[in-house]
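Notes follow the structure.
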Amino acid sequence: MTVATREHDPSGAGGEQSLGGDGRDLSANPPHGGPPPAGGGGESEFEFHTGANRPTGVPDAIEFIGVHKSFGSNHVLRGLNMGLPEGQISMIIGPSGTGKSVCIKHIVGLLYPDEGDVIVQGQSIPSLPDAELFEMRKKFGVLFQDGALFGSMNLYDNVAFPLRQHTEKSEEEIAEVVNRRMREVGLGDAGEKMPNELSGGMRKRAGFARSLVLDPEIVLFDEPDSGLDPVRTALLCELIKEVHEENGGTYVVITHDIMSARRVAEHISVLWRGRIVESGPAAELFDSENPFVRQFLSGESQGPLGME
Amino acid sequence: MVRNAAERAFLPTRNLLEEIGDMMILTGRTITSALRPPYPYGGEFVSQFLFALRLCWFPLLISTVAICYAAPGLQAANFLTIFGALDRLGGIFVLAAIREIGPNVTAIVLAGVAGTAITADLGARKIREELDALQVLGVDPVKNLVVPRFLALMLVTGLFNVYAILFGLFGGVLAELVNGQPLGPFWDTLFANASTTDLWGSALKTTIFGAIIAIVCCYKGMTASGGAEGVGRAVNQAVVVTFLAIFSFDYVYTQMLLATHPNILVIK
Ligand SMILES: Nc1ncnc2c1ncn2[C@@H]1O[C@H](COP(=O)(O)OP(=O)(O)O)[C@@H](O)[C@H]1O
Ligand SMILES: [Mg+2]
């Protein structure tokens with residue numbers, strides 16, 4: 001297990017310094033200009049991965065330490081070091097297929113790292129015994145990529161499910177919470193609908209309501225904005241911000257939409273090829289000098305990221 | 001290079017062995033989870049049981065009557081006429097219908113009809129990330145989804161075996177009638193050869209068949225990946241693996257039953 005805690009030194013002494021995940025790739029990587037060849041092999045793959053973690057002044061609620069994860073020959077996470085600050089809305093952004101969803105599944109203990117560690121509020125998720133993991137999961141609200149509603153239940157029952165599962169609340173109390181959350185996401189009168197009768201956007205909003213009913217300390221959103229039109233995306237972003245202001249907690253939002261990032265992110269981590277390119281407070285990252293970060297955050301076609 | 005080629009050649013075998021191991025683990029977890037409280041799976045158990053019953057009764061009826069009429073019925077009758085021993089057909093039906101055809105046809109029909117439905121259902125839920133969501137919400141998929149299907153399929157397959165045997169014997173009766181034989185000798189030789197070992201042996205075997213179908217089909221569904229195509233692939237593999245497992249188990253079981261109960265080897 002590689003433990004590269006230095007980057008996540010909460011004192012922030014490591015500010016802008018260029019430290020690769022394991023310090024190996026940079027020394028072996030002679031600096032040269034120009035973008036690497038598409039899908040370039042070897043160490044130049046990580047040319048732009050300074051791994052710089054700009055200090056946030058807040059301790060990390062979630063930490064990835066040297067995480068490797070492969071599916072067969074598909075090496076998805078390759079020494080990922082990432083810290084997500086407590087009490088803020090963090091965004092993980094990166095091209096599709098880089099393993100953003102895989103990250104979320106590591107945080108909630110649905111996947112285990114091949115190597116490295118994932119720490120949530122000081123506890124190592126991969127080494128938690130089942131019973132404690134179950135307890136831990138009550139702290140999470142997760143919105144999966146397509147809402148992941150239960151197809152056999154209507155929306156109301158879907159949203160009420162976590163309450164019935166984890167609390168002793170009476171049906172009236174449940175109805176009160178569920179109706180409030182459903183109104184909040186704009187589904188006040190869709191309770192009787194079945195998930196397959198809904199549009200993708202409505203399913204997402206219902207999934208959002210379901211992830212919030214237990215007042216979780218950590219909320220994870222997997223691409224809340226994909227498949228939505230720009231107006232709905234903006235509304236959803238507003239909603240996330242409002243709910244965060246009201247309830248507090250650590251929010252982690254995965255997206256590849258820069259507009260959403262500009263609207264809601266307080267902290268941004270740019271993920272590419274299984275590692276962090278750069279991370280830090282949103283405002284600083286939007287001013288980053290890093291060619292990849294600049295390309296990605298401005299959505300230009302010119303730059304290190306090609307079609308691959 | 002050589003190592004790569006070797007690895008590629010052995011990869012399917014290794015994957016298969018790994019899968020078998022995973023299924024064994026799933027079986028163990030299912031059994032412990034079924035026994036250990038709480039027991040939240042009652043409703044799902046009843047609905048799965050009724051579902052399998054509703055789906056399977058008619059295909060099973062047609063299959064057993066037809067195959068028992070054709071194979072041990074017409075074919076064996078044709079053979080027995082040489083010796084003028086058509087009354088022996090009853091004895092053959094103990095061997096054929098009760099010990100083998102009943103259980104195996106039941107297993108084939110249940111795997112094909114109910115098992116594939118289970119794989120498709122769980123596979124679709126896996127692809128839609130419903131299973132992940134369940135787990136995050138603190139619901140154990142093994143206890144809430146696999147256990148009820150496991151118990152329901154064991155019970156349904158065990159019960160359907162009786163039903164299959166009855167309709168199988170009906171196929172034999174048809175064959176006797178078609179050959180213009182009285183039914184008395186058929187029943188005589190049938191009951192002379194049938195023992196309680198045959199009955200419980202058959203029932204136990206099919207119950208285990210049900211367990212095999214449930215585990216393989218749940219496993220394949222819950223590990224589906226790769227979108228809608230992946231669900232199709234999972235269903236296909238579920239059927240293939242179930243049949244392989246059932247027939248291999250049938251061989252081992254038959255051999256063991258004959259070895260431990262030699263009295264059923266004696267043809268009366
Ligand atoms: N359970 C899994 N089994 C096999 N491969 C997976 C699994 N989950 C994700 N992958 C692979 O990991 C890679 C990253 O996937 P994902 O995290 O979904 O990307 P994204 O960043 O778009 O969310 C993809 O190539 C995907 O095929
Ligand atoms: Mg994703």
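A Cβ-based charge dipole, computed about the Cα centre of the protein assembly as shown with Lys and Arg at +1 and Asp and Glu at -1, lands at about 1980 debye. Sparse packing (at most 14 other Cβ atoms within 10 Å of the Cβ) combined with a DSSP loop state is found for the following chymotrypsin sites (Phe, Trp or Tyr not before Pro) in the stretch B:45-93: B:83. The share of Cα pairs per 10 Å bin across the stretch A:34-167, counted from zero up to the longest distance, runs 10, 34, 34, 17, 5, 1 percent.
The mean number of Cβ atoms from other chains found within 10 Å of a Cβ in peptide A:102-111 is 2, as a whole number. Ranking B:257, B:203, B:222 by how far each Cα lies toward the positive end of the dipole of the stretch B:43-260 (charges on Cβ) leaves B:222 at the top.
Specify whether the C-alpha gyration tensor of the stretch B:1-153 places it in the rounded, prolate or oblate class, a ≥ b ≥ c being the square roots of the eigenvalues: rounded for a/c under 1.5, otherwise prolate if a/b is larger than b/c and oblate if not. Provide the component values of the computation, followed by the final result.
On the way: a/c = 2.84, a/b = 1.58, b/c = 1.80.
The shape class here is oblate.
Which of rounded, prolate, oblate describes the stretch B:136-268, given a ≥ b ≥ c as roots of the alpha-carbon gyration tensor eigenvalues and a/c under 1.5 marking rounded, otherwise prolate only if a/b is larger than b/c? Judged from the Cα gyration tensor, the stretch B:136-268 comes out prolate (a/c at least 1.5, a/b above b/c). Among B:243, B:209, sorting on how many other beta-carbon atoms sit within 10 Å of each Cβ, with the fewest leading, yields B:243, B:209. Each of B:261, A:49 has some number of other Cβ atoms within 10 Å of its Cβ, and from fewest to most they run B:261, A:49. Remark: C-alpha extents of the stretch B:43-260 on the principal axes read 68, 33, 29 Å, sorted largest to smallest.
Look at the alpha carbon pairs under 8 Å that are at least 6 residues apart: their mean separation over the length of chain B gives a relative contact order of 30 percent.
The mean number of Cβ atoms from other chains found within 10 Å of a Cβ in peptide A:139-148 is 4, as a whole number. What residue among B:197, B:13, B:189 has the largest mean-square fluctuation in a Gaussian network model of chain B, using Cα springs under 10 Å? In this elastic network of chain B, the residue with the biggest mean-square fluctuation among B:197, B:13, B:189 is B:13.
Can you tally the net charge around residue B:169? Count Lys and Arg as +1, Asp and Glu as -1, for every other residue whose Cβ sits under 14 Å from the Cβ of residue B:169. Could the numbers behind the result be given before it?
On the way: positive: B:99; negative: B:100, B:176, B:188, B:198.
Its environment carries a net charge of -3.
The convex hull around the C-alpha trace of the protein assembly as shown, projected and averaged over every direction, spans 33.0 square nanometres. When each full DSSP H helix of chain B is screened for a Cα extent of at least 15 Å along its own axis and an average Kyte-Doolittle hydropathy of at least 0.5, the helices passing are B:42-68, B:147-178, B:196-222, B:227-260.
Taking the charge dipole of the protein assembly as shown about its Cα centre, with +1 at Lys and Arg Cβ atoms and -1 at Asp and Glu Cβ atoms, the residue from B:84, B:158, A:49 reaching farthest to the positive side is B:84.
Taking chain B as a Gaussian network of alpha-carbon nodes connected by springs under 10 Å, the highest mean-square fluctuation of the residues B:246, B:20, B:127 belongs to B:20.
Tell me the relative contact order for the stretch A:159-308 as a rounded percent, counting alpha carbon contacts under 8 Å between residues six or more apart. Before the final figure, lay out the partial values.
Details: 154 pairs, mean separation 23.1, N = 150.
After rounding, I find 15 percent.
For the residue pairs A:169/A:241; A:105/A:193; A:138/A:169; A:204/B:143; A:69/A:100; A:100/B:143, alpha carbon separations beyond 23 Å are given by A:169/A:241; A:105/A:193; A:204/B:143; A:100/B:143.
Let me confirm one metric for peptide B:124-135, namely the mean number of other chain beta-carbon atoms within 10 Å of its residues' beta-carbons.
On the way: counts 1, 4, 0, 1, 10, 12, 9, 2, 9, 14, 4, 8.
For peptide B:124-135, the averaged partner shielding equals 6.
Of B:193, B:161, B:15, the residue with the greatest mean-square motion in the GNM of chain B, using alpha carbon springs below 10 Å, is B:15.
Extending 7 Å from the Cα toward the beta-carbon at both residue B:83 and residue B:53 defines two label points whose distance is 4.2 nm. Placing a label point 7 Å from the Cα of residue B:14 along the Cα-to-Cβ direction, the residues of the stretch A:76-105 whose backbone N falls under 18 Å of that point are A:76.
For the peptides A:101-111, A:116-126, residues were scored by their other Cβ atoms within 10 Å and the scores averaged per peptide; the highest-first order is A:101-111, A:116-126.
Near residue A:220, the amide H atoms lying under 5 Å from its own belong to A:141, A:142, A:143, A:252; only residues 5 or more places off or on other chains count, and H is placed 1.01 Å from N.
At a 10 Å Cβ-Cβ cut-off, how would you order B:140, A:257, fewest neighbours first?
B:140, A:257
All of the numbers you see were taken from the coordinates with simple rules; none came from a lab. The model shown is predicted, which means the values in this text are computed figures rather than measured ones. FYI the Cβ positions are ideal-geometry reconstructions off the backbone, even for glycines, and counts take in every protein chain you see.
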